[in-house]
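Structure record follows, encoded as structure tokens.
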Amino acid sequence: MQARENNRQAYLDAMGIQVWFPRKVLPNAQPARPFDWFIEEQEHAPDSSLYSIPKSIDSDSPSPVAPIQPVRATDVLNHISSAQPVIAKSVPPSSIVAKAAATITSFRLVVIPLDQQHLVVADMPYTGLSQFTRYHHRLLQDLARAFQLPQPVFETAREFVWPLTSRAEGLLHQISQNDQAATDAVNAFLVNQYDLPQKKLVLLLGQAAAHFVFDPMRTFEELRGVHPEADTEQTVAITHGLNELMKIPSLKVDTWADLQALITT
């Protein structure tokens with residue numbers, strides 16, 4: 001049993017996955033690394049089988065990457081009132097109620113700039129810890145290379161997690177936690193932190209990114225593809241999330257079909 005446990009930890013270490021995290025301060029212990037914990041309800045826990053790493057991974061892997069800074073609830077609340085959604089369409093309250101069972105109410109997005117004119121917003125598993133690993137880095141780098149886009153700037157990447165957690169309970173009365181509030185919060189964050197209106201291309205990877213950044217009223221299958229915005233001279237491209245592509249490599253064919261127009265434009 002000890003040998004099997006050692007093998008498991010060796011595999012996790014090779015994949016850059018930390019196997020334990022401190023949850024309390026021990027007496028006379030060294031200062032711990034800063035972690036931003038998010039409390040999640042059991043009903044929102046994702047199926048872990050959807051986000052497994054493929055078994056056939058090259059041994060020539062990039063070095064471990066630094067953790068991505070999460071967005072705090074106070075940052076969201078400070079920006080919602082000062083910015084309006086730029087891309088996403090407004091959703092009537094009655095429509096939100098009618099589609100409540102079909103929409104995503106808990107999600108985690110990672111925002112990665114490519115350069116001053118290109119931005120990537122990617123879905124990640126809704127869990128308490130960041131799971132944006134070096135394999136996600138490498139896959140995103142390959143996508144950028146395939147579609148002749150600038151390489152990602154991971155040092156300036158940040159996370160956006162919704163809904164707001166109980167750590168901000170004293171502020172939650174200021175906003176609702178419905179899907180329209182999520183759309184407003186995501187767009188306010190992108191406008192204030194990444195100057196969303198000035199981006200030439202916004203690449204949305206995954207269902208939550210497509211719904212809460214672009215259009216919450218249409219299905220993901222309807223949204224997939226390249227959408228030139230005539231009014232703003234901005235192009236929005238939508239395809240499968242990074243975890244889906246890692247889990248089901250055959251979806252890369254769909255991704256190529258979805259984004260191929262980027263090469264000509």
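The values are calculated or read from the model by the stated rules, or taken from the named source; none is laboratory data. Since this is a predicted model, take the numbers as computed values, not measurements. Positions of Cβ are backbone-derived with ideal geometry, glycine not excepted, and every protein chain shown enters the neighbour counts. Keep in mind that these areas ignore ligands, DNA and RNA; they rest on the heavy atoms of the full protein, side chains included. Shrake-Rupley method; radii C 1.70, N 1.55, O 1.52, S 1.80 Å.
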Practice prompt. Determine whether Val111 is at pLDDT 90 or above, open to solvent by less than 20 Å² (accessible area, probe 1.4 Å), part of a strand (DSSP E or B) and more than 25 Å from Val253 (Cβ to Cβ).
Written response: yes
Worksheet item: Restricting attention to segment 164-171, does a residue exist that is in a helix (DSSP H, G or I) and at pLDDT 90 or above?
Response: no
Practice prompt. Give just the number: which of (1) charged (D, E, K, R); (2) at pLDDT below 90; (3) under 19 Å from the mean Cα position of the chain (by Cα) does Asp231 not satisfy?
Written response: (3)
Fill in: Subset of segment 215-243 (residues that are surrounded by fewer than 19 Cβ atoms within 10 Å (Cβ to Cβ) and among the charged types (D, E, K, R))
Arg218, Glu221, Glu222, Glu229, Asp231, Glu233
Practice prompt. Output the qualifying pairs, or none if there are none: Cβ atoms under 6 angstrom, residues six or more apart or on different chains, first residue in segment 188-205 and of a type in the set (Gly, Ala, Ser), second residue open to solvent by less than 70 Å² (accessible area, probe 1.4 Å).
Written response: Ala188/His79; Ala188/Ile80; Ala188/Ala83
Practice prompt. Report those strands (runs of 3 or more DSSP E) wholly inside segment 172-265 carrying at least 3 residues which are more than 22 Å from Gln151 (Cβ to Cβ).
Written response: 225-229
